[in-house]
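In what follows, a single structure is set out as structure tokens and then discussed.
The values are calculated or read from the model by the stated rules, or taken from the named source; none is laboratory data. Predicted, not measured: the structure shown is a model, and the values here were computed from it. For neighbour counting, all protein chains shown are included, and Cβ atoms are generated from backbone atoms with ideal geometry for every residue, glycine included. To get the accessible areas, we keep the full protein, side chains included, count just its heavy atoms, and leave off ligands, DNA and RNA. Shrake-Rupley method; radii C 1.70, N 1.55, O 1.52, S 1.80 Å.
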Amino acid sequence: MPAFAPVSSLPLFDDRVLADPYPFYDALRRTGAAVHLDQYGVWAVAGHADLAAVLKMPDVFGSEGGVALTALANQKLVAGTVFASDGARHADLRRVLSKQFSQRAMMALAGRITARAERLVRQYTATGRFDALALARHMVCDTVMELMGLPDADRDVLLSGTAATFDVFGPHNDRYQQALPLASRMVGTLHEKVTRKNVPAESWMGAIFDAVDAGQIDEADAIPLASAYAAASIDTTVLGLADCLVQLAQHPQQWQIMRRDPDRWATPAFHEALRREAPIQGVGRLLTQAADVGGVHLDAGEQVWLLYGSAGRDPRRWGDNADGYDIRRLHTDRHLAFGGGPHLCAGILLAELQAQAVLRALASRCSHLTVDGEPARVLNNLLRGYSSAPIAVEHSPRTSSSAARTAETCQQGPVT
Ligand code: HEM
């Protein structure tokens, strides 16, 4: 490391930082384009433009051997998975389920997702009070279990393993230690329970076994690929969707805009929540050769930590109200909460589809949402969001007079 390089002793993964990382991200962005985090031996990249530039150079900033912070995770636990591979191997793994995540597949799925959202929203809002996390979790888990083709009996094992998988990407702290057995139990359960015979042919698992049979991937890749898709698809969407509901409950005018025209505003409402509060706050890359990040020289073999959570709050990209929630923000979907480059999230359309369905169903049943108690935070090495978030609702299907009142509200000045 050059003697004049920007450094920081920030304990990025300590509880107090995880609880509110934004002032610390701000300090990192002011310190340099890349800042050496002495405690972890990695370079934090915290600005939107610098992070976007890194993602455009996957040959220089590789995922193989560098997505996680411990050697054990990089060399054993996540090695060879779709997250942690580059080049041709990554493309081979990524191709296996590309059809399942296409626009066409989403169109075929839309009716089922909408019906599920309507049923769950009716059920959860019936008493006038619900936990946004419980609703989002129920919605996403039902969707993923069905699409993966997994038996419901193993749901709890799988679900405790998916959040743990993200802790395993972090440093060697208590969270990491506690997560290891949970993440291994999830992979073990998949190995034990999932066979060609007991998964539906049209499920993600069915497609993975087809790819093995066609020689596209090895048999040994099948379960790690399934684990990666299970881990990637659940907590991310649950936390992002629940945070979106909390934001809408905290910003009544924004809720009214969304409610008036969910076809137009549900997607921006979801993306604005993801920009502001990225469910995956950070992930690593390994330099395959020396490189420059915004004028800071980094050597081959060094590791960078891409702070997606910070990029979404960068005022140089999002303006002075980067911390605010405004669903009418221009190009709010151009955030980096889904990553970028070859590792761009594979499930964007599926996440959007579920969020749209839940927001539409809520819009058609509830005139008002209010936060009804202090939301509690998840503390995870990578993930950010709530573990519970009570919301109260007022029921009233949209009527012409309420739509007119909403239109009036929407014409009143800027939204905060
Ligand atoms: C709001 C929801 C979601 C968020 C915020 C999110 C975020 C991300 C991010 C940041 C990455 C890139 C990691 C990196 O840079 O190395 C990623 C990758 C990935 N995501 Fe998502 N994700 C979401 C939902 C989903 C869903 C529903 C699926 C469906 C299976 C999914 C599947 C994947 C996969 C397979 C990858 C790895 C792609 C690769 O390495 O090529 N994600 N996601």
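Scanning the stretch 300-320 for residues being in contact (Cβ under 8 Å) with a residue 40 or more places away in the chain and in a loop (DSSP other than H, G, I, E, B) gives a total of 5.
Within the stretch 348-388, the only residue that satisfies the criterion of being open to solvent by 20 Å² or more (accessible area, probe 1.4 Å) and within 8 Å of the ligand (Cβ to nearest atom) is I348. Taking the stretch 118-132 as the range and being in contact (Cβ under 8 Å) with a residue 40 or more places away in the chain and either in contact with a strand residue (DSSP E or B) (Cβ under 7 Å, 6 or more places away or on another chain) or crowded, with 20+ Cβ neighbours inside 10 Å (or both) as the test, the residues that pass are L120, V121, T125, G128, R129, F130, D131, A132.
Is it the case that some residue within the stretch 24-34 is within 30 Å of G294 (Cβ to Cβ), basic (K, R) and open to solvent by 70 Å² or more (accessible area, probe 1.4 Å)? Yes, the stretch 24-34 contains at least one residue that is within 30 Å of G294 (Cβ to Cβ), basic (K, R) and open to solvent by 70 Å² or more (accessible area, probe 1.4 Å).
Does at least one position in the stretch 289-297 carry a residue that is open to solvent by 10 Å² or more (accessible area, probe 1.4 Å), away from the ligand (no atom under 12 Å from the Cβ) and in contact with a helix residue (DSSP H, G or I) (Cβ under 7 Å, 6 or more places away or on another chain)? Looking for residues that are open to solvent by 10 Å² or more (accessible area, probe 1.4 Å), away from the ligand (no atom under 12 Å from the Cβ) and in contact with a helix residue (DSSP H, G or I) (Cβ under 7 Å, 6 or more places away or on another chain), one finds at least one in the stretch 289-297, hence yes.
Scanning the stretch 5-23 for residues that are open to solvent by 10 Å² or more (accessible area, probe 1.4 Å), without any contact (Cβ under 8 Å) to a residue 60 or more places away in the chain, out of contact with any strand residue (DSSP E or B) (no Cβ under 7 Å at 6 or more places or on another chain) and more than 13 Å from D314 (Cα to Cα) returns S9, P11, D14, R16, D20.
Only one entry in A88, A115 is open to solvent by 40 Å² or more (accessible area, probe 1.4 Å), within 16 Å of the ligand (Cβ to nearest atom) and without any contact (Cβ under 8 Å) to a residue 12 or more places away in the chain, namely A88.
When we screen A242, A266 for residues that are under 30 Å from A389 (Cα atoms), in contact (Cβ under 8 Å) with a residue 24 or more places away in the chain and within 12 Å of the ligand (Cβ to nearest atom), the only hit is A242.
Of the residues examined, R95 is one that is at negative phi and open to solvent by 60 Å² or more (accessible area, probe 1.4 Å).
Farther than 14 Å from I223 by Cα, buried (at least 21 other Cβ atoms within 10 Å of the Cβ) and of a type in the set (A, V, I, L, M, F, W, C): which single residue out of L135, L150, L158, L180 fits that description? First the steps, then the outcome.
Values: L150 fails: farther than 14 Å from I223 by Cα; L158 fails: farther than 14 Å from I223 by Cα; L180 fails: buried (at least 21 other Cβ atoms within 10 Å of the Cβ).
Checking each option against the conditions leaves just L135.
All conditions in (1) more than 20 Å from T143 (Cα to Cα); (2) over 18 Å from the mean Cα position of the chain (by Cα); (3) within 14 Å of the ligand (Cβ to nearest atom); (4) crowded, with 24+ Cβ neighbours inside 10 Å hold for D221, with the sole exception of (4). The number of residues in the stretch 138-187 being at pLDDT below 95 and outside any helix (DSSP H, G or I) comes to 3.
Here Q216 meets the list (1) of a type outside the set (A, V, I, L, M); (2) at pLDDT below 95; (3) not in a helix (DSSP H, G or I) almost entirely, failing just condition (2).
Within the set L69, L109, the sole residue that is buried (at least 17 other Cβ atoms within 10 Å of the Cβ) and either among the charged types (D, E, K, R) or part of a helix (DSSP H, G or I) (or both) turns out to be L109.
Picking from D243, D314, which residue would you name as being acidic (D, E), open to solvent by less than 10 Å² (accessible area, probe 1.4 Å) and in contact with a strand residue (DSSP E or B) (Cβ under 7 Å, 6 or more places away or on another chain)?
D243
For the stretch 44-59, a residue qualifies if it is within 10 Å of A311 (Cβ to Cβ), open to solvent by 10 Å² or more (accessible area, probe 1.4 Å) and of a type in the set (G, A, S), and the qualifying residues are A49, A52.
If the condition is being hydroxyl-bearing (S, T, Y) and at pLDDT below 95, then the stretch 360-416 contributes S396, T399, S400, S401, S402, T406, T409, T416. Among the residues of the stretch 197-218, the ones that are of a type in the set (A, V, I, L, M, F, W, C) and open to solvent by 30 Å² or more (accessible area, probe 1.4 Å) come to 2 in all.
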